[in-house]
Amino acid sequence: MAAGLQNPIRPVHRTLPFHLAFYPSMPQEDVSSDTVVPVPSESTERASGIARAGRVDSWQAIKKSLAFALAASDFESGWLDRLSKSADRIRDLTAQDADIALYMMLQTATNDAENYSASHGMYCAVVADLCSAYFEWPEAEAIAIQNAALTMNIGMLLMQNAMAQQIEPLSSAQKLRVEDHAAKSVELLKSAGVDDPLWLEAVRRHHRPVDDGESADPLTPQQRLAQLLQRIDVFTAKLSKRKTRPGSSATVAARDACLDTSGLPDATGATILRVLGLYPPGSFVRLASGEIGVVIRRGDKAHTPVVASVRRGDGGMFNQPMVRNTGNPVHAVQCSLSADQAKIRLDHERVLGARG
Ligand SMILES: [Fe+2]
């Protein structure tokens, strides 16, 4: 497990059916009947609403620090040191409260296209951290995949930021750079002094985990890390806003990134859904009561997140966000909504500080 990542989520397996209401073509027997029940860490239990709200500032600060660290061009001097400090801070903040980490990442992805490359890498790193904890991977692998997530696109960092804002189709030159960016990222990491083969290989393979002619049975650690990173990359990119399109709802992103053409998740897709829940923190949902809210914590079951309702069933806004237990049928989740469908700008401190 990654250093500082003592208990971001502790998988507890129970024989509860995985809720598939939004994946009607996925028979229940085709996913493990185990449902991950994220149990908050002790530190999370202790954290008051005020403390939770205070973490908003911490995440906004680390987002800026990481964007600055990645964009610097001093690869042969202080670059790796700054990157390492940012990576450590992200691990610490995720360990303090994984639900707030996921909430902040998704809200940033759906509302803020500035510094896209850094924000996207940070979201991937947080999800990779939680998945590697779920798999109980060795610490070296957990750190390698997180570092790879943060740095996989440095070979096209500025161009990736520009592409998130770009309306026109990619030019031929841009397509060439996209094609080459994984190799370029490895080159820059080596010039910065990175010599961890797992980190470097996960970056090199992050769009193509298995080389032509290479065996993948069983997967090597490098292939395994790259395969998980590739899926997380696709899933979080679907959720993210671009100039040309809004972010997808959680249901659409899960369908596109975690299910195959027959509507079934493979092992990696199922793991991502188990770790994040069907409605990840930060995603908008409509409840059976007609209220619209945002998920603030994963719940006892994948389909029963804790939601802060912000819009009443009659369309008016609540004065204070109301915490809803969606395990109660009155407040059951009816469907997920994209940020564009929800059309609600959130005050994160108030939402995360809301009490149940
Ligand atoms: Fe990439």
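The values are calculated or read from the model by the stated rules, or taken from the named source; none is laboratory data. What you see is a predicted model, and the numbers here were worked out from it, not measured in a lab. Cβ placement follows ideal geometry from the backbone for every residue including glycine, while neighbour counts extend to all protein chains displayed.
Scanning segment 270-312 for residues that are touching an Asp or Glu at 6+ places or on another chain (Cβ under 6 Å), within 11 Å of Arg324 (Cα to Cα) and in contact (Cβ under 8 Å) with a residue 24 or more places away in the chain yields one hit, Arg297. For Gln227, the criteria (1) within 13 Å of the ligand (Cβ to nearest atom); (2) within 21 Å of the chain's Cα centre (by Cα); (3) within 29 Å of Asp266 (Cα to Cα) hold in every case but one, which is (1). How do the pairs read when you match residues in segment 189-208 that are under 14 Å from Thr220 (Cα atoms) and among the hydroxyl-bearing types (Ser, Thr, Tyr) with residues anywhere that are within 15 Å of the ligand (Cβ to nearest atom) and in a helix (DSSP H, G or I), using Cβ under 6 Å and keeping only pairs 6 or more apart or on different chains? Pairs that qualify, where the first residue is under 14 Å from Thr220 (Cα atoms) and among the hydroxyl-bearing types (Ser, Thr, Tyr) and the partner is within 15 Å of the ligand (Cβ to nearest atom) and in a helix (DSSP H, G or I): there are none. Being at pLDDT below 95, within 19 Å of His348 (Cα to Cα), of a type in the set (Gly, Ala, Ser) and surrounded by fewer than 23 Cβ atoms within 10 Å (Cβ to Cβ), is that true of even one residue in segment 104-113? Within segment 104-113 (the criterion being at pLDDT below 95, within 19 Å of His348 (Cα to Cα), of a type in the set (Gly, Ala, Ser) and surrounded by fewer than 23 Cβ atoms within 10 Å (Cβ to Cβ)), the answer is yes, since at least one residue qualifies. Among the residues of segment 137-186, those identified as over 16 Å from Leu225 (Cβ atoms), assigned to a helix (DSSP H, G or I) and of a type in the set (Asp, Glu) are Glu179, Asp180. Note on segment 255-269: among residues that are in contact (Cβ under 8 Å) with a residue 60 or more places away in the chain and not basic (Lys, Arg), the one that is surrounded by the fewest Cβ atoms within 10 Å (Cβ to Cβ) is Ser262. Within the set Tyr116, Tyr134, Tyr123, the sole residue that is of a type in the set (Phe, Trp, Tyr) and in contact with a strand residue (DSSP E or B) (Cβ under 8 Å, 6 or more places away or on another chain) turns out to be Tyr134.
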